[in-house]
Every structure is written in structure tokens, then in C-alpha cells.
Amino acid sequence: MKVVEFKDFSLRYLRSEERSLKNINVSFEKGTTVGLLGPAGAGKTTFLKALMGIVPHIEPGYIEGSVTVNGLDNSEHKVAEIARRVALVLENPDVQIFSLTVGDDVAFGPKNLGMPAEDIIRRVERAMQETGIVALRDRNPNDLSGGQQQTLAIAGAVAMEPKVLAMDEPTAMLDPVGKDEVMSVVERITKGDTQATTVIAESGADLEALAGKLDQVVVLDKGEVILDGPAEEVLIDAKINEVGIGRPQVTELFVRLRDAGAEVPNIPVSLDQAAESLRRLLVEAGVDQLQVPADYGRPDERSPGEPVVRIRNLHHTYRPNVRALRGVDLDIHQGELLGIIGQNGSGKTTMCYHLVKLLKPSNKDAVVEVLGQSVQKLRLREVIGQINYIFQNPDEQIFADRVRDEIGFAPMMMEYGEEETKQAIEEALDIFNLRGHGDDYTMKLPQDLKTYLSIACIYPLRPKVYIIDEPTTGLDTHGIEVMMGALRVLRDAGHTIAIVTHDMETVARHCDRAAVMLDGQVLMVGTTREVFAQPERLIEADIKPPQITQLGHTLSDTGMPMDVLTVPEMANILLPNLGLGSPVRRGE
Amino acid sequence: MARWLEYEKRDTFLHNKLHPLTKMVVVAGIVIISGLWLDPRFQAPLVLFLLIPIYVSKIPLYWFWVVVLAVVTSAYPVATTSLGQTNAGLYRNLDPVWASEPLLGGDVPVIGTIGITRGGLLWLLNAELRSIIMASYIFVFVYTTSMSEVTDTLLGLGAPQPVVFVVSIAYKLVPTMSRVVENIMNAQRLRGWSLRHWNPVKIVRRAAPLMKPLMRRVAMLVEQITTTTQVRGFGSGKVTVTRKLDPKPLDIALMVVTAVAVVASVVGVILVDLGQL
């Protein structure tokens with residue numbers, strides 16, 4: 001039974017010259033999970049807004065064609081009425097939670113619909129049970145983890161008993177465990193009593209978390225549907241990579257194996273499917289124990305330089321008694337790219353704030369040194385020339401009209417010379433993929449360029465160490481490549497880079513070392529390979545390694561190394577064992 | 001940890017034992033009474049009484065830096081309207097000669113006599129104490145009363161839904177904005193920015209790196225919060241109120257005392273110039 005139908009639907013926003021959605025013809029069945037994939041700016045959010053009736057009812061625009069939900073045309077009903085059939089969950093839980101307790105917040109929607117008290121109680125109970133948050137009923141939402149907060153937002157949506165649950169990048173801000181929590185909830189809602197049709201917009205970074213749960217995938221690019229079909233078919237289509245979404249790592253592995261000549265009847269899209277298919281392949285090839293080539297790893301693993309950042313016994317307590325850091329010890333070495341990983345609330349950001357003097361340690365014997373100097377003894381203007389920190393959200397930083405002015409702001413504030421400033425601006429434009437955009441209006445930049453710009457703005461200060469908070473959030477696969485390419489250029493020029501991130505694939509592919517934080521301490525630190533090869537300790541920190549590394553862990557009984565970090569590395573091991581030669585693409 | 005102007009769940013008498021309606025009535029009563037009085041000697045007990053809710057609620061003391069800043073920065077403009085007041089006819093309770101005699105200053109052609117007077121100083125002191133009282137009691141209310149308590153109480157009182165909507169959005173937005181302001185200021189400070197300068201024109205120009213992203217974020221947040229409330233049915237019609245007002249005897253007693261105090265103050269001001277200079 002069709003629950004949602006877009007028929008010849010096109011949309012142009014009121015003040016826009018181009019159509020944001022063009023001739024959309026898709027339909028979704030009851031009780032299915034639909035992945036709405038597309039690179040940044042493809043039209044995914046607009047699609048969800050049309051599904052919810054936000055356009056044209058709240059955000060005006062010109063529409064052609066129709067969107068019907070449960071047979072009712074959205075154009076004929078107000079958003080508040082559509083809210084009885086469609087619920088929307090956004091990326092940021094912070095703007096979706098309104099109440100003091102979890103129970104109250106779940107009840108917020110049904111109360112607004114003016115339902116009888118008994119009905120509200122029934123809906124709240126059911127929503128909390130389906131989303132697994134009954135035990136959190138009396139908790140303050142502010143005290144919950146990111147995953148729990150997003151689950152609460154979903155519970156609030158489920159309590160509306162919608163026919164369609166639309167979610168816009170619901171796991172983008174979550175740590176790996178939070179992503180899993182949310183996706184489990186989605187599965188329960190879709191396949192459980194609610195039988196809601198779930199539509200999840202995703203730009204690619206979290207595709208692995210949801211690929212195995214998808215029944216249908218619709219791919220948008222530049223406002224048009226370019227692919228629509230079952231997940232197993234769409235996710236192996238070459239267009240997925242061409243538009244910059246990227247495939248799940250296990251899918252990419254099997255596409256490579258198939259292209260090399262392996263007989264793979266079904267390309268898997270999830271970890272479980274991949275493990276099963278790979279075991280079958282190995283059995284068919286008569287491989288009991290894998291012969292692992294010595295050079296399967298990436299060739300450019302670097303040895304660490306001298307420590308440029310030294311942290312010892314760092315404690316920090318927020319009022320009234322929240323111990324955010326409990327004795328952090330960490331060295332960051334010259335010329336390395338370090339990934340700082342850990343659950344939401346593990347102390348990553350608090351630690352980084354101390355490095356740039358935005359916070360003071362709570363204990364007097366703490367050591368926070370950059371290039372041998374105590375950060376607390378330096379003036380802030382001295383600190384930012386040595387080490388700098390880039391916040392996650394570029395919209396909370398960018399203010400100048402033009403890109404060039406934005407990059408030139410820091411040197412102007414520091415009263416650098418004109419020539420020096422000009423040269424730094426030009427270099428920054430080159431490094432951060434902004435060449436050709438120097439005179440563009442900053443507010444008209446797409447999100448990926450804004451993210452590059454936020455780091456480019458710091459470049460003219462010539463810090464030796466960059467600390468960057470979530471540099472890949474909101475970027476599609478292509479954007480992540482550009483960003484990490486720029487950071488590698490900086491690293492290769494001798495700068496030290498530390499990124500705070502939840503994106504384990506990025507850490508595995510690009511970082512030299514990783515530091516895992518847990519409960520305000522550094523649980524472990526080592527080369528990325530060493531860290532991801534210790535699944536038991538990672539579980540302790542609620543961290544999941546990249547999907548391909550997890551596949552390696554699952555297949556360790558076959559002789560697969562525990563420290564495989566990338567798809568080419570695993571292909572390098574498997575292909576010779578399957579008698580398919582070794583099309584090694586080193587350094588990939 | 002609660003941000004500035006953000007409710008924090010704590011186990012205190014004011015958080016858990018007083019009904020939100022009682023808190024609303026008491027705060028509104030104190031604001032009205034404080035607004036009626038012009039004599040700082042009458043405001044002084046309210047300031048002293050303020051120490052009790054501040055202590056009991058365990059409100060973070062850093063919240064009050066804003067009050068200190070406001071008192072200091074408003075002193076000059078308030079003073080310009082009060083200190084030069086030498087019109088003896090304005091004083092109802094004070095000795096007009098004593099109150100209006102210029103301590104500093106003298107006759108100015110065309111304008112007449114201007115100067116700092118005792119009455120003007122008392123008026124200035126009263127205005128500043130009133131600012132402290134009003135802001136502080138509102139801070140205590142916000143710190144001890146959650147958004148859902150406020151909206152439920154307003155709905156229970158029959159307040160129109162659009163009013164409740166605006167209150168709830170403001171309640172949600174203010175602490176979020178405080179977080180955003182902190183982020184923006186930190187991000188710009190790390191680019192060498194500072195608002196500090198001796199030249200007021202430069203201070204205004206230097207505010208752009210703070211104000212532009214802030215305005216943009218405010219617009220985005222308002223849009224997001226408005227959207228998220230609407231998609232959860234807010235504004236669709238009659239809202240079900242699940243929490244009954246149901247105040248306890250202590251609440252009723254406090255509300256009655258407050259109401260009596262307000263009425264007595266109004267009558268006192270009208271009949272006997274109570275609390276006037």
C-alpha cells in the first residue's frame with residue numbers, strides 16, 4: 001500500500017530562480033525504511049519539507065504536481081494537520097526538545113493535538129516502549145547522551161502516531177554508539193506495531209549505519225531523482241560514487257572483488273551480510289587460513305616527531321560538580337595528524353579548550369604546554385599564533401561579506417603587514433579549495449566551502465598546531481576527501497593537526513595516530529592501526545571502528561588481521577587468496 | 001551545567017516545593033511593588049529579602065554579573081535624568097528644601113538652577129535598586145521554574161496559545177543563544193578579535209564579527225524551533241493541559257500575602273504617598 005506519493009512534483013522557492021526539486025516521481029510503501037541519499041545541496045531537506053508540508057505552507061514557493069500522504073494532498077492541508085500523519089526529526093536534538101522530563105517531552109506533541117488525557121498517556125507509554133526509553137521517563141533531557149536525546153526526539157515524533165516518520169540526517173551529530181541506538185529504534189518503529197514508513201535523508205557519511213536497514217533507496221542529485229530502487233541494487237550503482245555519496249565500505253569491497261573476477265551473486269550492504277558472503281567465498285575458494293601479504297597496509301605510515309603539545313594531569317570541573325576531565329595525559333607530536341575520538345561528553349572539547357586558553361585547569365599542578373611554553377602563562381594573542389582551534393559550525397564564525405575579507409580578518413586584527421596578509425590569503429585560497437571563490441559572498445557559499453573557509457580563516461595566523469572540531473560534519477564523501485586532502489597538505493608542510501571527530505572511517509584513512517577518550521581521561525593512544533586493532537578496549541569507550549575493520553575483526557578466525565583500516569587493504573589480502581591476482585592501489 | 005538564564009533541575013525548596021503559579025504571583029507582586037516606590041529606603045528590605053531566594057535556590061552567582069554591569073552602565077543615563085533635579089515641588093515626603101538644595105552646581109542662564117541634589121541622589125539609588133530587584137527575582141524564577149511548568153501554568157490560567165507559544169520559544173531560545181554567543185565570541189577571539197577599545201566608534205565597528213553571526217544564528221534557531229514546534233502540532237488548536245494548577249495551602253497563603261501587599265502598596269501610594277520621595 002502506497003503511503004507517500006510524489007507525482008510530477010517540482011518546487012521553486014519564492015526568491016530563487018532555480019527549481020530545488022525537479023519532476024519528482026517516487027512512492028513509498030507502508031512499513032518500509034527509505035534512504036533518501038544525495039550529496040550536500042541535492043535537495044534532500046527540501047524533499048522532507050515538501051513531505052511535511054513546510055513548503056509551501058510555511059516557506060513559500062511555487063509547486064507543480066502533488067505530494068500525497070495516505071491519500072491526502074499536502075497542498076490542501078496545514079502543517080499542523082499534516083503533523084497528524086507525518087512527523088519530522090531533525091539533525092540537532094537540541095532544537096527539538098522542549099520539556100523538563102523525558103515523559104513530558106514525549107507528551108508534547110499529543111498534548112498540542114488536544115487529545116484526551118487517557119489517549120496521551122497511552123501514546124506516551126507506547127512511544128517510550130517502542131523507542132526503548134521507558135527507564136529514562138523522569139530524567140532531564142539535558143542530562144542525556146546525544147544518542148538518547150535524538151531517541152527522545154524520535155519518541156516525541158512516534159507519539160504523534162504518524163504514518164510517515166521523516167528524519168533529516170538524524171545521526172550526523174552522534175557518536176558511533178549513538179548512531180546504532182537511533183538506527184535500532186528506527187528498525188523497531190518500522191517493523192514493529194507502528195508500521196510507520198520511515199524516510200531518512202543522508203548525505204553519505206553515515207550511510208553504513210543505515211544501509212542494512214533500508215528497503216528502498218532514492219538518490220537525489222541537483223534536485224532530481226537519479227536512482228530509485230531496492231537498497232541492494234541502488235547502492236552498487238556506479239552513480240552513487242560519481243555524485244559523491246560513496247558506498248558502505250563492505251559494499252565497496254565486494255564491488256572490487258566482483259570487478260576483479262570473484263563470483264559474487266549478491267553484493268552485501270551490511271556488515272553481517274558481508275561477513276557471511278566472505279566466509280562463503282573463502283570456503284568456495286578452499287581457503288581455510290588466509291595468507292596475509294606483508295605489505296597490505298598503507299605505505300606512508302609516519303613515525304612521530306617531537307611532542308609539540310604536552311598535557312599532564314589535566315583536570316577540569318564544571319560547576320556545580322561535573323568532572324569533565326579527570327587527569328588527562330597526552331602528547332601531540334610535530335607533523336602528525338591525530339584523531340581524537342570518544343563518546344559525546346567524554347571530554348574531547350573540554351580538553352581542547354585548555355590548549356587555546358579558553359578554559360583554565362581546575363588543578364594547579366596541571367601541565368598544558370605548547371612548544372614548551374605553558375599556555376596559561378601566554379597571552380591569548382600569543383597562544384593563537386602557536387596553536388589554534390576551529391569550531392564545528394562555520395556559521396558561528398563567518399561574518400565578512402566576501403571570502404577574501406573573511407580570511408584577511410585575523411591578520412588585520414593582529415596588525416600584520418599588507419603584503420604578508422595578501423600572501424597568506426592567496427595561500428589559504430589554494431590550500432582550502434577556495435581558489436576562484438575569493439570574491440564570492442560568504443553567505444552564498446555552499447556548506448562544504450563554508451567549512452573549508454572556517455579553517456582557511458585561521459591559516460594566516462600561521463599556527464604550528466591546528467585543533468579542528470568535527471571538520472567533516474555536514475560534508476558528503478567528496479567534501480570529506482577535499483577537506484582531509486587540505487589537512488594532509490598542512491601536515492606535510494610540517495604543521496601538526498588534531499581533529500576531534502566521530503567519523504571513524506576518516507580517522508582510519510587519514511590520521512597517523514588516534515587518541516581515545518573516556519570519562520575525562522585518555523583511555524588509549526597509538527597509531528591508528530594499533531588503536532583500531534583493539535576491539536575490546538574500543539567497546540569500553542563505546543567506540544566502533546570503521547566498518548571494514550569490524551569485518552576484519554569478525555573474520556579474525558580466518559587469519560584476517562585485526563588492523564585492516566581500509567577497503568584497498570582488505571582487497572589486497574583477499575584477492576591473492578581468492579586466486580584473483582593483486583590489483584594493489586597503494587596509498588589509497 | 002545551566003547556562004545563563006537557563007532552568008536547572010535541582011533539589012531546592014524553590015524548585016520543588018513552590019507551585020509555579022505562586023512563583024509567578026510573588027515575582028509579579030514584587031516587581032509591581034518595587035515599581036511603585038521611589039524611596040530607596042523602601043526598596044532596601046526587598047533587596048535584603050532577595051538574599052533568601054538567592055541562597056535557597058542555589059542560583060549561580062555569575063548570573064548577577066549582568067546585573068552589576070547593567071547597574072554600572074545605566075548609572076550615567078539614569079543620573080542625567082535625576083541628579084540635576086532641583087524642583088522642590090516634586091518631593092512629597094522629604095523636606096523639599098533639604099532634598100532640592102544643589103550640593104554641586106548653580107544657576108545657569110535660560111535653564112535655571114541645576115545641580116546634584118540629595119533628592120536626585122536618592123532617586124538614582126532607588127532606580128538602581130529597582131533594577132537589581134526586578135532582574136534578580138526574574139533570574140531566580142527562571143532558574144527554578146522549567147519551561148513546561150511555565151507553559152502548563154499559563155495554559156491552566158487560560159492564557160491564549162500564541163502567548164504561551166511566544167513564552168515557550170523565548171524560554172528555549174535564551175539559553176541556546178547564550179551558548180551561541182559564547183561560541184561566536186570564542187571563535188572570534190581565536191582570530192585575534194576583541195571588543196575592548198577606548199574608542200566607542202571602534203567598539204561599535206568591532207561588534208560586527210559578533211553581531212552578524214549572532215543575528216544569522218538567531219534567525220536560523222527561531223526558524224528551526226518554530227518549525228519543530230509546529231511539526232509537533234503546536235498551534236493546531238486546543239491544547240490538552242495534563243497538569244492541574246492545584247496549589248497547596250502554603251502556595252495559597254503566599255499568593256494571598258502577595259496580593260494583599262500589592263493592594264496595600266497601591267492604596268498607600270494613592271492615599272498617603274507611601275514609598276515616595
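The values are calculated or read from the model by the stated rules, or taken from the named source; none is laboratory data. If you're wondering where the values come from, they're calculated on a predicted model, not measured in any experiment. Note that we place each Cβ from the backbone using ideal geometry, even for glycine, and neighbour counts take in every protein chain shown.
Residue count for the range B:221-240 under the criterion of being outside any loop (DSSP other than H, G, I, E, B), within 7 Å of another protein chain (Cβ to nearest Cβ) and free of Cβ contacts under 8 Å to residues at least 24 places away in the same chain: the result is 5. When each of A:88, A:37 is tested for being within 26 Å of residue A:246 (Cβ to Cβ) and more than 14 Å from chain B (Cβ to nearest Cβ), the lone residue that passes is A:37. Of everything in the range A:466-481 that is closer than 25 Å to residue A:386 by Cα and among the β-branched types (Val, Ile, Thr), the residue that is farthest from the other protein chains (Cβ to nearest Cβ) is A:472. Within the range A:402-415, at least one residue is part of a loop (DSSP other than H, G, I, E, B) and surrounded by fewer than 23 Cβ atoms within 10 Å (Cβ to Cβ). Please determine, by comparing only the residues of the range A:447-465 that are in contact with a Leu (Cβ under 7 Å, 6 or more places away or on another chain) and hydroxyl-bearing (Ser, Thr, Tyr), which one is nearest to the other protein chains (Cβ to nearest Cβ). Result: A:451.
Quick one: would you say residue B:62 is assigned to a helix (DSSP H, G or I), surrounded by fewer than 16 Cβ atoms within 10 Å (Cβ to Cβ) and within 14 Å of chain A (Cβ to nearest Cβ)? Spelling it out, residue B:62 is indeed assigned to a helix (DSSP H, G or I), surrounded by fewer than 16 Cβ atoms within 10 Å (Cβ to Cβ) and within 14 Å of chain A (Cβ to nearest Cβ).
When each of A:575, A:580 is tested for being in contact with a Gly (Cβ under 7 Å, 6 or more places away or on another chain), assigned to a helix (DSSP H, G or I) and in contact (Cβ under 8 Å) with a residue 60 or more places away in the chain, the lone residue that passes is A:575. Scan the range A:428-440 and give yes if some residue there is part of a helix (DSSP H, G or I), among the acidic types (Asp, Glu) and either in contact with an Asp or Glu (Cβ under 9 Å, 6 or more places away or on another chain) or surrounded by 23 or more Cβ atoms within 10 Å (Cβ to Cβ) (or both), otherwise no. No, the conditions are met nowhere in the range A:428-440. When we screen B:23, B:9 for residues that are in a helix (DSSP H, G or I) and assigned by TED's automatic domain parsing to the domain that holds residue B:131, the only hit is B:23. The residue that is nearest to the other protein chains (Cβ to nearest Cβ), among those in the range B:113-128 that are assigned to a helix (DSSP H, G or I) and crowded, with 22+ Cβ neighbours inside 10 Å, is B:126. Answer yes if at least one residue in the range B:200-210 is in contact with a helix residue (DSSP H, G or I) (Cβ under 8 Å, 6 or more places away or on another chain), crowded, with 20+ Cβ neighbours inside 10 Å and in a helix (DSSP H, G or I), and no otherwise. The answer is yes, given that some residue of the range B:200-210 is in contact with a helix residue (DSSP H, G or I) (Cβ under 8 Å, 6 or more places away or on another chain), crowded, with 20+ Cβ neighbours inside 10 Å and in a helix (DSSP H, G or I). On the basis of being among the hydrophobic types (A, V, I, L, M, F, W, C) and in contact with a strand residue (DSSP E or B) (Cβ under 8 Å, 6 or more places away or on another chain), does residue A:253 make the cut? It is false that residue A:253 is among the hydrophobic types (A, V, I, L, M, F, W, C) and in contact with a strand residue (DSSP E or B) (Cβ under 8 Å, 6 or more places away or on another chain).
If you go through the range B:24-43, how many residues are farther than 19 Å from residue B:257 by Cα and either without any contact (Cβ under 8 Å) to a residue 60 or more places away in the chain or out of contact with any Gly (no Cβ under 6 Å at 6 or more places or on another chain) (or both)? Number of matching residues: 3. Just to check your reading of the model, which residue among A:161, A:81 is of a type outside the set (Gly, Ala, Ser), surrounded by fewer than 21 Cβ atoms within 10 Å (Cβ to Cβ) and within 11 Å of another protein chain (Cβ to nearest Cβ)? The conditions single out A:81.
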